Amino acid sequence: MKNINIGNPFQILFPDNCVVCKSSKMMKDIPLCVECFSKLKFVSGSLCQKCGRPIDGKNEDLCEDCKKNDFYFDFVRSVYYYDDITSKLVKYFKYKNVKYIGDFISNSMYMKILSESRLQDVDFITFIPQSFFKKFNRYYNQSFLLAKNISDLTGIPLISDLIGQYETFISQAKLPLFLRKKRKKMFYSLKKNFHCEKILIVDDVFTTGKTLSDASEILKKDYSIKQILAITFARS
Ligand SMILES: [Zn+2]
Ligand SMILES: [Zn+2]
């Protein structure tokens, strides 16, 4: 594990203005101003043992969602809540490929991994794949870049091409919640000759848990991976 600060100390091309509110009172090496940075909300407190949803005040291990659904993942943790600030950071990174935002996001996730020993105890790191159509339009897969950065920082090897994503012409994020829960399978197995005991999936946002669960199902059924852990930058 490397010793780093949040933000990338080697990044020289930093913006003069906050990517969220355009203020010029910037935090050093962070794409946010002092005020926006201070508004970021860490996910903390009593969390669901499985998906990481806050269950403050309840003396239980699992949240209502995890009791109702048979999610295939075993343990998910997220750095921040999904709000105006984190959604803007993710959006800029996703659609504009802004490197310093990707560095900030992956460094924040790395700090979270350092604070959760269970997330460090894995054999490989992987990421949520993208369909060819989306890749073609966006030119790169942002989850791959985050996973690559986190692999470099932790020294945990990166494995790709385990699962593929079916073509979808409407972004899942644009579908109403009830349709997102109902939709068919998103992924298929690429049937690579691969096996390990524990794997960490890197993704940007945890919403319903369906995407991570679908990917985890393939990793468990087709690759006999025993434990699927995941880290996301934000969660709703
Ligand atoms: Zn700001
Ligand atoms: Zn849960």
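The values are calculated or read from the model by the stated rules, or taken from the named source; none is laboratory data. None of the values given here were measured: they were computed from a predicted structure. A quick note on method: Cβ atoms are made from the backbone with ideal geometry, for glycine too, and the neighbour counts reach across all protein chains shown. Quick note on the areas: whole protein, heavy atoms, side chains included, nothing else; ligands and nucleic acids left out. Shrake-Rupley method; radii C 1.70, N 1.55, O 1.52, S 1.80 Å.
Data table
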{"read-out": "The listed residue being surrounded by 15 or more Cβ atoms within 10 Å (Cβ to Cβ), at pLDDT below 95 and among the small types (Gly, Ala, Ser), out of 213, 171, 131", "value": "131"}
{"read-out": "Flag for residue 207 being open to solvent by less than 40 Å² (accessible area, probe 1.4 Å) and either under 24 Å from residue 98 (Cα atoms) or modelled with pLDDT under 95 (or both)", "value": "no"}
{"read-out": "Within the stretch 216-236, tally of residues that are under 11 Å from the mean Cα position of the chain (by Cα) and surrounded by 24 or more Cβ atoms within 10 Å (Cβ to Cβ)", "value": "5"}
{"read-out": "Search result, residues across the stretch 193-218 that are touching a residue at least 60 places away in the same chain (Cβ under 8 Å) and in a helix (DSSP H, G or I)", "value": "211, 212, 213, 214, 215, 216, 217"}
{"read-out": "Filtered residues of the stretch 49-69 (kept if part of a loop (DSSP other than H, G, I, E, B), touching a residue at least 12 places away in the same chain (Cβ under 8 Å) and farther than 17 Å from residue 202 by Cβ)", "value": "49, 50, 53, 58, 61, 62, 63, 69"}
{"read-out": "Within the stretch 24-83, considering residues that are farther than 30 Å from residue 199 by Cβ and away from ligand 1 (no atom under 16 Å from the Cβ), the one least open to solvent (accessible area, probe 1.4 Å)", "value": "57"}
{"read-out": "Lone unmet requirement of (1) touching a strand residue (DSSP E or B) at 6+ places or on another chain (Cβ under 9 Å); (2) among the aliphatic types (A, V, I, L, M); (3) modelled with pLDDT under 95; (4) closer than 29 Å to residue 129 by Cβ for residue 113", "value": "(3)"}
